[in-house]
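A short worksheet on the structure shown next.
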Amino acid sequence: MYDFIVIGGGIVGVSTALQLQQRYPKKRILLLEKEAKIACHQTGHNSGVIHAGVYYAPDSLKAEFCKRGLKATIDFCRANNIDFRQPGKLLVATDELEYQRMLALKSRCEENRLMVDLLSSEELREKEPAITGVGALYIADTGIVDYRQVAVKIAEQFQAFGGELVLDSRVVNIDEQVDQVTVSTAQHEYSGKFLIACAGLAADRIARMMGVGKNFQIIPFRGEYYQLPKEKTDCVKHLIYPIPDPKMPFLGVHLTPMIGGAITVGPNALLGWKREGYGKFNVDLADSIEMLGFGGFWKVAAKNWHSGLGELKDSWWKAGYLRRVQKYCPELTVDDLLPWPAGIRAQAVLRDGSLVQDFLFESSPRSLHVCNAPSPAATSAIPIGNYICELVVSRAL
């Protein structure tokens with residue numbers, strides 16, 4: 001009998017498991033992960049950005065978690081000799097509309113008490129000669145890290161504190177009783193007093209196993225990346241972002257100097273027809289039927305069909321994808337866009353067609369489910385884990 005069972009070996013799941021084990025070293029805590037190793041999905045397929053909190057409403061969990069998460073992530077990396085850098089981020093406006101949006105973002109930064117500098121086009125060119133714009137915001141705190149390394153180190157510490165990690169354990173059924181929860185995998189059954197689900201792309205499926213989460217479904221969005229050739233790795237020194245459309249939940253195609261030395265270009269935000277579709281052929285019949293059978297999907301599609309078609313076109317037509325980057329980095333060419341692994345974003349959508357923009361939690365008497373953990377979830381994983389601990393401790397102990 002375990003005191004806690006945590007489902008999901010992404011960075012939020014391992015952070016939660018570690019912090020529970022640190023708080024309660026005598027409790028038995030089990031972490032189940034369906035893959036053969038930690039951080040195989042969203043944690044291991046993202047831009048690696050340590051966000052400063054530019055975009056988030058001041059009263060949102062996103063803003064609060066991100067602010068604390070930036071410091072916590074850097075402190076963890078320093079304490080565990082994990083390589084990270086803080087080159088800073090430039091948000092580049094390329095026309096008058098984007099400039100006005102940029103000024104609104106500057107106000108948002110100030111509301112969130114972030115240090116931000118407003119740059120003229122000349123000051124932007126001084127910082128980044130290859131980048132063109134009518135102005136830019138400079139946020140010095142933004143960093144870069146390999147989140148897979150962070151998650152693996154957290155998982156190692158969880159085990160060192162006495163936690164039990166079981167890999168290759170896909171959950172197939174959950175039975176909640178009055179005094180316990182029984183979790184069945186393909187190989188074993190595990191019983192615990194309380195369950196915490198941090199299941200990412202499978203968050204809705206795990207929730208439905210326990211009769212909760214009936215008002216939302218995970219819709220996958222495929223984020224496709226390229227990398228620049230080696231001779232262009234000195235093209236930029238900072239993270240270069242466009243000014244996002246405030247109507248859309250995605251940040252646009254950006255340039256990111258990665259920890260390993262590569263510069264990635266991306267991601268876009270393409271509707272996914274396979275929840276774990278990282279390869280070239282990305283259609284799964286069961287995933288597609290489930291998505292098409294959800295009323296909220298059709299409402300989202302009706303509101304966003306035009307932008308969706310644009311994403312699809314530029315996914316197939318590299319020159320269209322390139323134009324998004326050439327707006328602010330005109331020297332790049334089609335030949336500069338080399339292959340880089342794709343990622344999948346788990347986006348919770350409500351039945352009314354609303355995209356859930358903040359963290360979403362649901363619960364049953366003996367469980368808590370992280371139903372939506374959008375960016376900046378990786379940056380915020382340590383404070384999210386602490387928040388989850390606070391939510392469950394009063395109920396589970």
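The values are calculated or read from the model by the stated rules, or taken from the named source; none is laboratory data. What you see is a predicted model, and the numbers here were worked out from it, not measured in a lab. Because the Cβ atoms are built from the backbone with ideal geometry, glycine has one as well, and the counts that use them run over all protein chains shown. Quick note on the areas: whole protein, heavy atoms, side chains included, nothing else; ligands and nucleic acids left out. Shrake-Rupley method; radii C 1.70, N 1.55, O 1.52, S 1.80 Å.
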| Cα centre as origin, Lys/Arg/Asp/Glu Cβ charges: the stretch 280-326 dipole, Debye | 340
| query | Counting Lys +1, Arg +1, Asp -1, Glu -1, what net charge surrounds S307 among other residues with beta carbon under 11 Å of its beta carbon? | reply | 0
| said: Probe radius 1.4 Å, ligands and nucleic acids left out: which of M102, M248, M115 has the largest accessible area, and how do the rest follow? | reply: M115, M248, M102
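Once you order the gyration tensor axes a ≥ b ≥ c over the Cα atoms, which shape class does the stretch 168-213 get: rounded for a/c under 1.5, otherwise prolate or oblate by comparing a/b with b/c? Before the final figure, lay out the partial values.
Values: a/c = 1.84, a/b = 1.12, b/c = 1.65.
The shape class here is oblate.
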| said: Starting from 0.36 nm per residue, how many nanometres of slack lie between L338 and D245 once their C-alpha separation is accounted for? | reply: 30.8 nm
| query | How much accessible area per residue does the stretch 281-392 have, in Å², with a 1.4 Å probe? | reply | 47
| message | Using the Cα centre of the chain as origin and beta-carbon charges of +1 (Lys, Arg) and -1 (Asp, Glu), tell me which of V393, A319, G13 is placed farthest towards the positive end of the dipole. | response | V393
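Considering only protein heavy atoms and a 1.4 Å probe, what is the carbon-and-sulfur percentage of the accessible area of the chain?
Working: 9390 of 17070 Å².
Carbon plus sulfur share of accessible area: 55 percent.
For L312 and R395 in the same chain, what is the full-extension length gain: residue separation times 0.36 nm, less their Cα-Cα distance, in nm?
Values: separation 83, 0.36 × 83 = 29.88 nm, distance 4.55 nm.
25.3 nm is the gain from fully extending L312 to R395.
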| remark: Under a Gaussian network model of the chain whose springs join Cα atoms within less than 10 Å, the largest fluctuation of D59, D314, D352 belongs to D59
| HN-Hα J couplings of the stretch 98-103 from phi, Karplus 6.51/-1.76/1.60, θ = phi - 60°, integer Hz, Gly and Pro as x? | 5, 5, 5, 4, 5, 5
| request: Place the peptides 116-125, 257-266, 83-92, 365-374 in order of packing, highest mean first, counting for every residue the other Cβ atoms within 10 Å and averaging per peptide. | output: 365-374, 83-92, 257-266, 116-125
| field | Of K34/K280; K89/K214; K106/K153, pairs whose Cα-Cα distance is over 31 Å | value | K89/K214; K106/K153
| query | Scattering from the C-alpha atoms of the stretch 207-317 alone, worked out with Debye: what is log10 I(q)/I(0) at q = 0.18, 0.21 1/Å? | reply | -1.03, -1.22
| request: Just name one of V181, L251, L195: the one whose Cα is farthest towards the positive end of the charge dipole of the stretch 175-267 (beta-carbon charges, Lys/Arg +1, Asp/Glu -1). | output: L251
| request: Pick out which of I82, I154, I289 has the largest mean-square fluctuation in a Gaussian network model of the chain, springs linking Cα atoms closer than 10 Å. | output: I289
| Rounded FRET efficiency, nearest 0.05, which uses the C-beta distance separating N215 from K37 and R0 of 30 Å | 0.35
| K27 to W305: extension gain in nm, 0.36 nm per residue of separation minus the Cα-Cα distance? | 95.1 nm
